[in-house]
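Engineer: Sharing a structure here in structure tokens format.
The values are calculated or read from the model by the stated rules, or taken from the named source; none is laboratory data. All values derive from a computational prediction rather than experimental measurement. Glycine also receives a Cβ, built like all others from the backbone with ideal geometry; neighbour counts cover every protein chain displayed.
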Amino acid sequence: MSDAAKQLIGTAMTSASVPKPFAAYAPSNIALSKYWGKRDHARNLPLNSSLSISLADWGSHTQVSPSDDGQDHVTLGGKELALDTPFAAKALRFADLFRTHAASAPLRIDTNNTIPTAAGLASSASGFAALTRAICGCFGLTETLSEAQMSLIARLGSGSATRSFWHGFVRWDKGTREDGADSFAHPLDLNWPEFRIAILPVDVGPKSQSSRDGMNHTVVTSPLFNSWPDQAEADCAAIESAIKEQDFETLGPLVEANALAMHATMQAARPALTYLTSESWTLLERLWRARQDGLRAFATMDAGANIKLIFLKQAATDVMEIFPQAQMIDPFSKP
Ligand code: 2P0
């Protein structure tokens with residue numbers, strides 16, 4: 001069966017120019033309505049739509065250039081990586097999608113992440129989005145391919161990368177086509193300057209299980225997963241409406257409920273999968289107690305132990321007092 005992303009690349013590469021160095025940036029993102037479960041593994045096609053907020057200047061800077069010694073090179077944070085390390089191998093496998101049409105193009109891929117290591121946030125979303133932009137720029141395709149088309153292509157690297165092409169709120173429509181032609185993201189195109197995010201780091205080490213494996217294990221073994229895709233689709237629509245109305249009192253509870261429902265599907269998997277640790281739950285309990293005392297902040301959690309809070313600017317002082325370790329992000333600040 002044909003693949004829409006590969007077809008797009010193939011068509012675009014017929015007008016590729018001689019490779020030249022090109023640097024790109026993409027922000028990381030946090031899903032407010034989660035992507036959890038695939039209908040197609042090879043294409044990272046999701047079972048449900050999702051909606052995220054981008055993390056402004058927390059993301060990935062990637063430069064792709066023609067290599068001057070005939071060999072591929074991959075660096076991360078200024079350090080040259082062996083080409084068989086997972087990061088280098090994944091980046092080159094992705095670059096190969098383009099190079100099947102320009103086979104003799106050895107490349108240098110230099111990536112620097114600006115996400116504080118202490119925040120413990122995975123960067124595959126910003127990494128594959130920045131890599132897609134930089135490869136397209138290197139081959140002179142930035143006029144040929146739209147942002148939406150690049151979002152569709154980045155999906156082949158990592159699902160969450162689909163949402164990392166814009167600042168602010170971004171929705172990834174699941175699409176229904178088998179070739180993935182209608183599964184890409186678009187920005188909601190609205191400003192909400194008071195909107196804030198705080199990261200509460202819990203465990204900044206590598207994940208116990210990759211989200212890719214965790215997702216698949218949940219889909220295959222969790223008896224609670226059956227109810228997830230419809231619920232997630234409904235949550236995504238309701239969360240989009242609440243954002244458009246800038247109705248935080250509706251948005252916050254929906255975001256928290258969506259994250260807890262995703263984690264419930266994992267806990268019901270056989271054997272159970274849990275990314276949340278006792279420290280995560282302690283923080284959630286502290287949040288819930290603070291909410292009873294009037295704090296207007298809500299939590300979301302991904303495939304890791306860290307807690308992320310959403311709130312409005314007026315709650316920032318209280319959030320910092322209750323959670324002094326919070327790392328604050330202003331997603332609509334101008335970079
Ligand atoms: C999300 N996560 O919507 C969800 C919530 C984790 C929990 O997208 O297999 O690394 O590369 O498509 O994008 C993490 O999954 O998975 C993720 P692949 P990805 O942000």
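Engineer: So which of SER60, SER65 ends up being surrounded by fewer than 18 Cβ atoms within 10 Å (Cβ to Cβ), outside any helix (DSSP H, G or I) and more than 10 Å from the ligand (Cβ to nearest atom)? Write out each step before concluding.
Structural biologist: Values: SER60 fails: surrounded by fewer than 18 Cβ atoms within 10 Å (Cβ to Cβ).
Testing whether each residue is surrounded by fewer than 18 Cβ atoms within 10 Å (Cβ to Cβ), outside any helix (DSSP H, G or I) and more than 10 Å from the ligand (Cβ to nearest atom) leaves just SER65.
Engineer: Let me ask you something else. Checking the condition over 15 Å from PRO66 (Cα atoms), surrounded by 15 or more Cβ atoms within 10 Å (Cβ to Cβ) and either at pLDDT below 95 or assigned by TED's automatic domain parsing to the domain that holds PRO27 (or both), which residue from ALA118, ALA89, ALA82, ALA122 passes?
Structural biologist: On the way: ALA118 fails: surrounded by 15 or more Cβ atoms within 10 Å (Cβ to Cβ); ALA89 fails: surrounded by 15 or more Cβ atoms within 10 Å (Cβ to Cβ); ALA82 fails: surrounded by 15 or more Cβ atoms within 10 Å (Cβ to Cβ).
Selected residue: ALA122, the only one of ALA118, ALA89, ALA82, ALA122 that is over 15 Å from PRO66 (Cα atoms), surrounded by 15 or more Cβ atoms within 10 Å (Cβ to Cβ) and either at pLDDT below 95 or assigned by TED's automatic domain parsing to the domain that holds PRO27 (or both).
Engineer: Out of curiosity, is LEU156 part of a helix (DSSP H, G or I), at pLDDT 95 or above and within 16 Å of the ligand (Cβ to nearest atom)?
Structural biologist: No, not satisfied.
Engineer: I'd like to know if the range 48-56 contains one or more residues that are within 11 Å of the ligand (Cβ to nearest atom), in a loop (DSSP other than H, G, I, E, B) and touching a residue at least 40 places away in the same chain (Cβ under 8 Å).
Structural biologist: yes
Engineer: If you scan the range 208-223, which residues turn out to be in a helix (DSSP H, G or I) and more than 11 Å from the ligand (Cβ to nearest atom)?
Structural biologist: Of everything in the range 208-223, those that are in a helix (DSSP H, G or I) and more than 11 Å from the ligand (Cβ to nearest atom) turn out to be HIS217, VAL219, VAL220, THR221.
Engineer: Further, regarding this structure: Cβ-Cβ below 8 Å, separation at least six or inter-chain, first residue in the range 11-32 and within 16 Å of the ligand (Cβ to nearest atom), second β-branched (Val, Ile, Thr) and part of a loop (DSSP other than H, G, I, E, B): which pairs?
Structural biologist: As it stands, the answer is SER28/ILE115, since those pairs meet every condition given.
Engineer: If you don't mind, another one. Count, please, the residues in the range 183-224 that happen to be among the basic types (Lys, Arg) and under 17 Å from SER49 (Cα atoms). Working first, answer last.
Structural biologist: Restricting attention to the range 183-224, the residues satisfying the condition of being among the basic types (Lys, Arg) are 196, 207, 212.
So of that shortlist, the ones also under 17 Å from SER49 (Cα atoms) come out as 212.
Result for the range 183-224: 1.
Engineer: Could you please let me know if LEU55 is at pLDDT 95 or above and in contact with a Pro (Cβ under 6 Å, 6 or more places away or on another chain)?
Structural biologist: So LEU55 passes the test.
Engineer: Could you please give the count of residues in the range 159-173 that are more than 11 Å from the chain's Cα centre (by Cα) and either within 22 Å of ASP235 (Cβ to Cβ) or within 16 Å of the ligand (Cβ to nearest atom) (or both)?
Structural biologist: Residues that pass the stated criteria total 5.
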